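S.K.: Submitted below is the structure of interest, expressed as structure tokens.
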Amino acid sequence: MRKGLQNEENIQNNQYKIIAVDDEEGIVDSLSIFLKRSGYDFTGVTDPLKAIELVRQEHFDLMILDFIMTPLHGDQVVEEIRKFDKDLYILLLTGHKDLAPPLDTIRRLDIQGYCEKSDKFDQLLLLIESGIKSIKQMNQIKQINLELKDTNDKLEKAYLDSIETLRYTIEAKDIYTRGHSDRVAEFSVLIGKKLGLSDEDLHTLHLGGLFHDIGKIGVPDSILQKDGKLTDDEYSQIKQHPNIGVHILSNAEIFNDILPIVEHHHERYDGNGYPGRLAGENIPYLARIAAVADSFDAMSSKRAYRDSLPLEKIISEFMRCRGTQFDPDIDDVFIDILENHFDEIKAIQEKYK
């Protein structure tokens, strides 16, 4: 009965890879016999530099590491390993407890334990068994987190798909606005790149551009598709679409970062925009970028009541509205794009005709 339990334990231990590093070959050989007998998948190394490369190339669960070695001491080995592997469980061996590194070093390098060398490995085995239990628990936590992330990713994709359907529904109402949100998304990213924004901000700009007009789903078709000038009442209803958009998107955490764009892409730098009548620096920065992209697409697209404006007229409008409708710094960057990099604008327009 005991032999059967021992065999089962050895099989379980074999799932875990242990590497021992000691410049005394006799210690490595003893550990090899001892740990292989316990069923562990064991690798012994006498060269600390080779050990670092092995850990870089292969997965190990636990490392047993001598402290005083040449050409590197154990703490130096850990220093190098922690640059690329934060998870490896490390036990430090010392010839004498007085030779162990300071406690601050042990904590900083995340060394999980240490013990003195001995002819008997009882204490070391207890530390190894404790380490394996910790590793097993951490692996279970990682697996649970992966499963939760997978579930959350699926939920987020389902929600994203449903919002995408709403977006296409809005654009299907009016042939003149088809592709508008895609172009605003890409124009915004183009401006953001010229401004040197981070990848995270560029992603937010793109997503914000895609869904900036999602609130128009709550505006009557008769207003959205009207050929002539809107009445004051109709214009008031149009001005509600940023708030409606925020209401639609605020139930999903994935859209939190783009809510300022959705809510404030119609604010004006002089404070005469809507819905918040925010001015200057009080307007969220990414919303100021989206406002420029949104206005450009409106000017450069054909409408039921007018043709698209020529480039010269668009540039003069951006010059005229610098500091009133648009953030002057963003306006300057966009005018430079229109004057010197219009091929990039044209490529986006061709893509979403």
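The values are calculated or read from the model by the stated rules, or taken from the named source; none is laboratory data. Bear in mind the structure is a predicted one, so any value in this text is a computation, not a measurement. Cβ: placed from backbone, ideal geometry, glycine included. Neighbour counts: every protein chain shown. Areas reflect the complete protein model, heavy atoms only, side chains present, ligands, DNA and RNA absent. Shrake-Rupley method; radii C 1.70, N 1.55, O 1.52, S 1.80 Å.
S.K.: Please find, within region 196-238, the residue that is farthest from the chain's Cα centre (by Cα) out of those that are open to solvent by 50 Å² or more (accessible area, probe 1.4 Å) and under 17 Å from A287 (Cβ atoms).
M.R.: Here the residue is H206.
S.K.: Say we look at region 230-259 and pick out the residues that are without any contact (Cβ under 8 Å) to a residue 24 or more places away in the chain and not in a helix (DSSP H, G or I); which of these is farthest from L202 (Cα to Cα)?
M.R.: T231
S.K.: May I pose another question? So which pairs qualify, if the first residue must be in region 26-46 and at positive phi and without any contact (Cβ under 8 Å) to a residue 40 or more places away in the chain, the second must be surrounded by fewer than 16 Cβ atoms within 10 Å (Cβ to Cβ) and of a type outside the set (D, E, K, R), the Cβ gap must be under 7 Å, and the two must be at least 6 apart or on different chains?
M.R.: Matching pairs, first to second residue: G39/N10; G39/I11; G39/N14.
S.K.: Going by the conditions given, is L202 over 17 Å from Y352 (Cβ atoms), at pLDDT 80 or above and not in a helix (DSSP H, G or I)?
M.R.: Criteria not met by L202.
S.K.: Quick check, is K302 at pLDDT below 95, open to solvent by 60 Å² or more (accessible area, probe 1.4 Å) and charged (D, E, K, R)?
M.R.: yes
S.K.: In addition: Scan region 202-229 and report the pairs whose first residue is more than 30 Å from E253 (Cβ to Cβ) and whose second residue is in a helix (DSSP H, G or I), with Cβ atoms within less than 8 Å and a gap of 6+ or a chain change.
M.R.: Partner pairs satisfying both residue conditions: P220/Q237; I223/E234; I223/Q237; I223/I238; K226/E234.
Results for (1) open to solvent by 20 Å² or more (accessible area, probe 1.4 Å); (2) of a type in the set (K, R), shown as yes or no for each residue.
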| site | (1), (2) |
| --- | --- |
| D270 | yes, no |
| L278 | yes, no |
| D294 | no, no |
| P310 | yes, no |
| S316 | yes, no |
| R322 | yes, yes |
| F326 | no, no |
| V333 | yes, no |
| I348 | no, no |
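S.K.: Of the numbered conditions (1) closer than 18 Å to S134 by Cβ; (2) under 27 Å from the mean Cα position of the chain (by Cα), V78 fails exactly one; give the number of that condition.
M.R.: (2)
S.K.: Find the strands (runs of 3 or more DSSP E) located wholly in region 55-163 whose residues include 1 or more that are open to solvent by 50 Å² or more (accessible area, probe 1.4 Å) and farther than 30 Å from F211 by Cα, and list them.
M.R.: 113-116
S.K.: Out of all the residues in region 134-156, is one or more charged (D, E, K, R), touching a residue at least 60 places away in the same chain (Cβ under 8 Å) and touching a Gly at 6+ places or on another chain (Cβ under 8 Å)?
M.R.: So far as region 134-156 goes, no, none of its residues is charged (D, E, K, R), touching a residue at least 60 places away in the same chain (Cβ under 8 Å) and touching a Gly at 6+ places or on another chain (Cβ under 8 Å).
S.K.: Looking at Q12 and the list (1) of a type outside the set (F, W, Y); (2) over 38 Å from the mean Cα position of the chain (by Cα); (3) at pLDDT below 90; (4) assigned to a helix (DSSP H, G or I), which single condition is not satisfied?
M.R.: Of (1) of a type outside the set (F, W, Y); (2) over 38 Å from the mean Cα position of the chain (by Cα); (3) at pLDDT below 90; (4) assigned to a helix (DSSP H, G or I), only one is false for Q12: (2).
S.K.: Kindly provide the set of residues from region 247-267 that are open to solvent by less than 70 Å² (accessible area, probe 1.4 Å) and at pLDDT 90 or above, ordered by number.
M.R.: Listed by number, the residues that qualify are I258, L259, P260, I261, V262, E263, H264, H265, H266, E267.
S.K.: Could you list, in sequence order, all residues of region 260-271 that are in a loop (DSSP other than H, G, I, E, B) and free of Cβ contacts under 8 Å to residues at least 40 places away in the same chain?
M.R.: Selection gives H266, E267, G271.
S.K.: I would also like to ask the following. Taking the conditions exactly as written (more than 21 Å from Q137 (Cα to Cα) and of a type outside the set (D, E, K, R)), does G44 satisfy them or not?
M.R.: Considered against the rule, which asks whether it is more than 21 Å from Q137 (Cα to Cα) and of a type outside the set (D, E, K, R), G44 comes out as yes.
S.K.: Identify all residues within region 40-54 that are surrounded by 17 or more Cβ atoms within 10 Å (Cβ to Cβ) and in a helix (DSSP H, G or I); write none if there are none.
M.R.: Answer for region 40-54, where residues must be surrounded by 17 or more Cβ atoms within 10 Å (Cβ to Cβ) and in a helix (DSSP H, G or I): P48, A51, I52.
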